[in-house]
Every structure is written in C-alpha cells, then in structure tokens.
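Okay, structure first, notes after.
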Amino acid sequence: MSHENETLRWPANLDRAGIIERLVEVRTAADAAGLTNIAMRFAAVETMPSPEIGANVVGALTWIQEKPEYAALTTQLAMVAMNLKNLK
C-alpha cells in the first residue's frame, strides 16, 4: 500500500475505480493482519452499491481509528472516505 505523494491534507482525487482499488488493498491488508471484521466489510466491494460502500467505509474507519497499530489502514480508509462523494 504505497501512495507516497499523498497525505490527508493533499488527498488523491479518486473515482469509483480508484476507490474500489483502494478498498481491495485494504481488504487484502486487513485479511493479512487478521482483521476479519474489516476484511469482511469489503468482501464483495467490486459489486457493492455506492451507499453500502460508504456505510462500510465509515463503519470500518470508526472501528479502526483508535488503534494506532493500524495507522496505514486508517489512512487508506480516511483517503477513501474523503472521496466517497465521487462514488456513482
């Protein structure tokens, strides 16, 4: 998950495909870290309707943001959250 030139202050402008790509990365990383509750939220993200994606991103971010050991996942979810308006 290397997106070295972006920060939450200067986020990437993601379209639906970019959001899905990030969430697949989050799913893979969460699964590898044993975070099945996060990975399961994005199990079928490629075919999920936009409102469901948004709800799952917010739910996952709410759960993980207080866990500093998962800062990379938190950053990716926050980046996606900032781009939810681009889901169509």
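The values are calculated or read from the model by the stated rules, or taken from the named source; none is laboratory data. In this text the structure is predicted, and so the values were computed from the model without any measurement. Using ideal geometry, Cβ is built from the backbone for each residue, glycine included, and neighbour counts are taken over all protein chains shown. The area values use the complete protein model at the heavy-atom level, side chains included, leaving out ligands, DNA and RNA. Shrake-Rupley method; radii C 1.70, N 1.55, O 1.52, S 1.80 Å.
Numbers below:
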quantity: Output for region 63-87, where each listed residue is charged (D, E, K, R) and either open to solvent by less than 60 Å² (accessible area, probe 1.4 Å) or farther than 17 Å from Asn37 by Cα (or both); calculated: Lys67, Lys85
quantity: Extreme residue, farthest from Lys88 (Cα to Cα), among residues of region 45-74 that are outside any helix (DSSP H, G or I) and modelled with pLDDT of 95 or more; calculated: Met48
quantity: Close pairs from region 46-57: first free of Cβ contacts under 8 Å to residues at least 40 places away in the same chain and of a type in the set (Ser, Thr, Tyr), partner surrounded by 14 or more Cβ atoms within 10 Å (Cβ to Cβ) and not in a helix (DSSP H, G or I), Cβ under 9 Å, at least 6 apart; calculated: Ser50/Leu87
quantity: Residue within region 19-31 that is surrounded by fewer than 14 Cβ atoms within 10 Å (Cβ to Cβ) and either part of a loop (DSSP other than H, G, I, E, B) or at pLDDT 95 or above (or both) present; calculated: yes
quantity: Any hit, region 40-55, residues being touching an Asp or Glu at 6+ places or on another chain (Cβ under 8 Å) and surrounded by 14 or more Cβ atoms within 10 Å (Cβ to Cβ); calculated: no
quantity: Members of region 32-43 found to be over 14 Å from Thr74 (Cα atoms) and in a loop (DSSP other than H, G, I, E, B), listed by number; calculated: Gly34, Phe42, Ala43
